[in-house]
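One structure coming up, written as structure tokens, with questions to follow.
Here, each number is a calculation from the coordinates, and none is a lab measurement. The structure presented is a predicted model; accordingly, all values stated were derived computationally and were not measured. Backbone-built Cβ (ideal geometry, glycine too); neighbour counts: all protein chains shown.
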Amino acid sequence: MRKRVSCFLGFLVFFGSVSLFANPKLSKKLTFSASKRNFQSISFKNKIFNKNIFFKQKWKKSWSWKRVKKSSIAPYIYTPDKWKWQALTLVSLFAGRSLISPKIQKHFQEHQVISKNVENYGNQFGENTAALLYVAAYYAHSYWFQSNSSFNKAQFYLENILAAGVFTQVAKTISHQQRPDGADYRSFPSGHAGRAFTLAAAISFTHPWYVGVLANIAATGTALARIQGNRHYLHDVTAAALVSYSYAYALYKRNTAKYTKHKRTGLKPDSIFIGFNQLNFIWTF
């Protein structure tokens, strides 16, 4: 029993350190406007907008092809230094999988490190349903209450899920690694762990730090469940966690104007926020 507890705590500390490494601003709330010293905001009150118009305008503006294209390559544009280190880590994990992963895999199969209930909950947290329900809840709140904050959060979550998800599927096809149980050749990286850590990373940027910690604990449970279920190796779930946090951190930087890579000159509209009973224009100089 002591070995199981110590092993579980060891993995918890490991994945926690990975999360903190990839997300040093864990306790900061997500903001989608420029820093106070870089923008001026002009509000036009007494403008009442129908919630349908509000939602359609926000949706149309947020899903332009230019934005989608930048989201897909965000880690390369907005976090080049961090991405280099994480890419090196991924390569090291993939190259050294024959030395570490089989031993850990054997230990998980010989000893039940986590309970069946934890394994089941972990697998469920890594499904698409959990993440999409979370996104849908924020979109619904944004629609009914004309909340810019809820819409931006939902958009942030969905962009992370789509971008990291596409990257994971492409990586699975290219790596063509067989699963531990021999079911197929789509082991690296883990899709379930990727979805779980994608949601956990997004939550970490948009909620207080303690909510982010709980989300990361749940994501760690998903990673352990995939290993114990003999569906993935350690390097599969670790790589998925690094990819997820790379996208979350890069998209966070992109949506925070003070982190933009290119300097803007001149008076230029940066964004338009249409909220209940007001219209805000934000410029950067």
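What is the order of Ile174, Ile114, Ile100, fewest Cβ neighbours within 10 Å to most? Don't skip to the end; give the middle numbers.
On the way: Ile174 9, Ile114 19, Ile100 14.
Fewest-to-most Cβ neighbours within 10 Å comes out as Ile174, Ile100, Ile114.
Nearest 0.05, what FRET efficiency do Val68 and Thr173 give at R0 = 25 Å with Cβ-Cβ as r?
Details: r = 21 Å, r/R0 = 0.83.
The computed FRET efficiency comes out at 0.75.
Determine, from the Cβ-Cβ distance of Leu214 and Leu162 and an R0 of 22 Å, the FRET efficiency 1/(1 + (r/R0)^6), rounded to the nearest 0.05.
Numbers: r = 24 Å, r/R0 = 1.09.
Plugging the Cβ-Cβ distance into 1/(1 + (r/R0)^6) gives 0.40.
I need Ser71, Ser175, Ser150 ordered by Cβ neighbour count within 10 Å, fewest first. Don't skip to the answer; put the middle values down first.
Working: Ser71 22, Ser175 15, Ser150 18.
Sorted ascending by nearby Cβ count, the order is Ser175, Ser150, Ser71.
Continuing with the same structure: Over the Cα atoms of region 142-231, each weighted equally, I'd like the Debye log10 I(q)/I(0) at q = 0.10, 0.11, 0.15, 0.21 Å⁻¹, rounded to two decimals.
Each listed q maps to, in turn, -0.33, -0.39, -0.66, -1.00.
Across region 218-226, in residue order, what do the Karplus-derived ³J(HN,Hα) couplings come to in whole Hz, using 6.51 cos²θ - 1.76 cosθ + 1.60 with θ = phi - 60° and x for Gly and Pro?
4, 5, 4, x, 5, 4, 5, 5, 5
Going by how many other Cβ atoms sit within 10 Å of their own, how do Asp236, Asp181 line up, fewest first?
Working: Asp236 31, Asp181 12.
With the sparsest Cβ surroundings first, the list reads Asp181, Asp236.
Additional query: Taking every eigenvalue of the Cα gyration tensor of region 57-258, multiplying by 5 and rooting it, what semi-axes result, largest first, whole Å?
Values: eigenvalues 182, 77, 38 Å².
Three semi-axes, in Å: 30, 20, 14.
So if each residue of separation counts as 0.36 nm, and I subtract the Cα-Cα distance between Tyr76 and Gln124, what length gain in nm does that give?
Separation in residues times 0.36 nm, less the Cα-Cα distance, equals 14.2 nm.
Would you mind checking Lys103/Lys172; Lys70/Lys172; Lys69/Lys153; Lys116/Lys153 for any pair whose Cα atoms are more than 29 angstrom apart? It would help to have the intermediate numbers written out before the result.
Values: Lys103/Lys172 22 Å; Lys70/Lys172 22 Å; Lys69/Lys153 19 Å; Lys116/Lys153 33 Å.
Among Lys103/Lys172; Lys70/Lys172; Lys69/Lys153; Lys116/Lys153, the Cα-Cα distance tops 29 Å for Lys116/Lys153.
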